[in-house]
Amino acid sequence: MKKIFAANWKLNKTPEEAREFIIKFKNEVFKLPGFFNTKEVIIFPQAFSIEALSSLCAGTAIGFGPQNVYSEKSGAFTGENSAEVAKALKCNFALVGHSERREIFKEQNDNLNKKALLLQTLELTPVFCVGESLGQREGGKTLEVCFSQLESGLAGLDKAKRMIVAYEPIWAIGTGKVATSEQVAEVHKELNNYLQKNGFMNYQLLYGGSVKPENSAELLTLPFVDGFLIGGASLKVDSFLQICGHEII
Ligand code: PGA
């Protein structure tokens, strides 16, 4: 199975900067023969930059999509991102339930579930994020929190359709504190068991939280780690490419 390298650009990059990134990335990647035989790349730009990416990425092996969509297709929802418009812009993925959405914008599980359902009806692949806070980890609640986020977030989804789950411990996001290999391996194994047990047939599991060129090679070798969701280190072509460039064994 291909390893997935997903870039979460958060609130960064103008359309021009997004274009420059993709042009440079494509130039570098095409020097690496067979890159896309073993790897899949997905970019989540700021919504205003999606159109810029669309013209450069649509029809290539580089997938892309918004960092958030609203749970209704269209209507009177001022300020929200439309999944239907994302589809029209040839997006193939969307992030759902990133911890910054849950924490800062108070997004709730039932609404995140609606978003994932809507994405599936539009044939967009949800990249559904789960993860515990530091307090929850220290209280031994990591798996309970992740399972309950999955249970409500994935309710009613078509289990045969592709879905990506990103495990992102909140305490590791943007903090420079990467989870240890043991911590990642344990949670990924359990998430995999959970998804298997619940009949999901077509999914991949990403790790996210301070992934950097220095720590990514080891994390990528762990069982049930199918790739990464990368924030800070995805903003520069060089560091992103160093992470994606690891040999896949
Ligand atoms: P980080 O962000 O790599 O900067 O920790 C990851 C994410 O928020 O998806």
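Each value in this text was obtained by applying a stated rule to the coordinates, not by laboratory testing. The structure presented is a predicted model; accordingly, all values stated were derived computationally and were not measured. All Cβ positions, glycine included, derive from the backbone under ideal geometry; neighbour counts span all protein chains shown.
For the chain, adding -39500 (n - 2.57) for each run of n ≥ 4 DSSP H residues and dividing by the number of residues yields -11500 deg cm²/dmol at 222 nm. Other residues within the sphere of radius under 13 Å centred on the Cβ of Asn109, judged by their own Cβ, net out at +2 (K and R +1, D and E -1). Let me check I've understood the local charge: for Lys197, count other residues with C-beta under 12 angstrom from its C-beta, Lys and Arg +1, Asp and Glu -1. What total comes out? Neighbourhood net charge equals -1. Within straight-line reach of Lys197, meaning a Cα separation under 13 Å, sit the following aspartates and glutamates at least 8 residues removed in sequence or on another chain: Glu151.
Classification of region 1-54 by its C-alpha gyration tensor yields an oblate form. The axis ratio a/c (a ≥ b ≥ c) is 1.5 or more, and b/c is at least a/b.
Going from the residue with the fewest nearby Cβ atoms within 10 Å to the one with the most, Lys31, Lys159, Lys115 rank Lys31, Lys159, Lys115.
For region 182-249 versus region 1-70, the inter-centroid distance based on Cα atoms is 17 Å.
Spin-label model, Glu103 to Glu28: label points 7 Å out along the Cα-to-beta-carbon direction sit 2.8 nm apart.
The residues Thr142, Thr38, when put in order of fewest to most other Cβ atoms within 10 Å, stand as Thr38, Thr142.
Neighbour counts of other Cβ atoms within 10 Å put Tyr167, Tyr70 in the fewest-to-most order Tyr70, Tyr167. Inter-label distance, Lys236 to Ser133: 3.3 nm, where each label sits 7 Å from its Cα along the C-beta direction. In a fully extended conformation the segment linking Glu190 and Phe147 would gain 14.6 nm over its present Cα-Cα distance, using 0.36 nm per residue. Normalised by the number of residues in the chain, the mean separation of alpha-carbon contacts (under 8 Å, six or more apart) gives a relative contact order of 19 percent. Using a cut-off of 30 Å between Cα atoms, the listed pairs Lys31/Lys161; Lys10/Lys189; Lys10/Lys87; Lys39/Lys106; Lys26/Lys90; Lys2/Lys236 include Lys31/Lys161; Lys39/Lys106 as exceeding that distance.
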